[in-house]
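Okay, structure first, notes after.
The values are calculated or read from the model by the stated rules, or taken from the named source; none is laboratory data. This is a predicted model, so every value here is computed, not measured. Please note: Cβ atoms are built from the backbone with ideal geometry, for glycine as well, and neighbour counts cover all protein chains shown. Please note that ligands, DNA and RNA were not included when accessible areas were found on the heavy atoms of the full protein model with its side chains. Shrake-Rupley method; radii C 1.70, N 1.55, O 1.52, S 1.80 Å.
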Amino acid sequence: MDIDVFDALADPTRRRVVAALRHGERQVNDLVAAVGIHQSGVSRHLRILSEAGFVTMRPDGQRRLYSLAPGPFREIDEWLAQYRALWEKRLDRFGAALEARQAQQDQARSEEE
């Protein structure tokens, strides 16, 4: 199954799993406690996140340690970059308008004095 990165993150529980993995490798039982659902649910969400490329598993003896993989996050960042310039331009215009308004208010205050 090939799953889109946005579809993988559409589920709030999967986003909680990703957030729990943000600080490093975790075992399934640690994720169960962090996410607040049964082990079978965490395993299902880990499988989906793994298929989407968000999560990798590293065996360590009897344990399986899960961690985040950077690839899909880069894909999301590249997608957002297309819109970032638009936001930055709007914020720059907003900042310039605020500065102009502040300058007008400062000038009006100085004329009143």
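For segment 1-86, give the percent of accessible area contributed by carbon and sulfur heavy atoms, probe 1.4 Å, rounded to a whole number. Roughly 50 percent of what the probe reaches on segment 1-86 is carbon or sulfur. Rg/Rh, computed from the Cα trace of segment 71-113 with Rh as the Kirkwood radius, has the value 1.43. The Rg/Rh ratio for the chain is 1.33, where Rg is the radius of gyration of the alpha carbons and Rh is the Kirkwood radius.
Can you tell me the 0 to 90 degree angle between the C-alpha axis of helix 39-51 and the longest principal axis of the chain, rounded to 10? Approximately 70 degrees, to the nearest ten.
Each part gets one Cα centre, and for segment 83-113 versus segment 13-30 those centres are 42 Å apart.
Peptide packing: for 7-18, 96-107, the average count of neighbouring Cβ atoms within 10 Å per residue gives the ranking 7-18, 96-107, highest mean first.
Size descriptors for segment 5-69: radius of gyration and Dmax over Cα atoms are 10.6, 33 Å.
Calculated mean residue ellipticity at 222 nm for the chain: -23000 deg cm²/dmol, from DSSP H runs with n ≥ 4 weighted as -39500 (n - 2.57), summed, divided by the residue count and rounded to 500. In the full protein context, segment 71-113 carries 93 Å² of accessible surface per residue, based on a 1.4 Å probe and ignoring ligands, DNA and RNA. Computed from Cα positions, the angle between helix 71-112 and the longest principal axis of the chain comes to roughly 20 degrees.
Ordering Ala100, Trp79, Ser110 by Cα displacement along the dipole of segment 71-113 toward the positive end leaves Trp79 in first place; charges were set at the Cβ atoms of Lys, Arg (+1) and Asp, Glu (-1).
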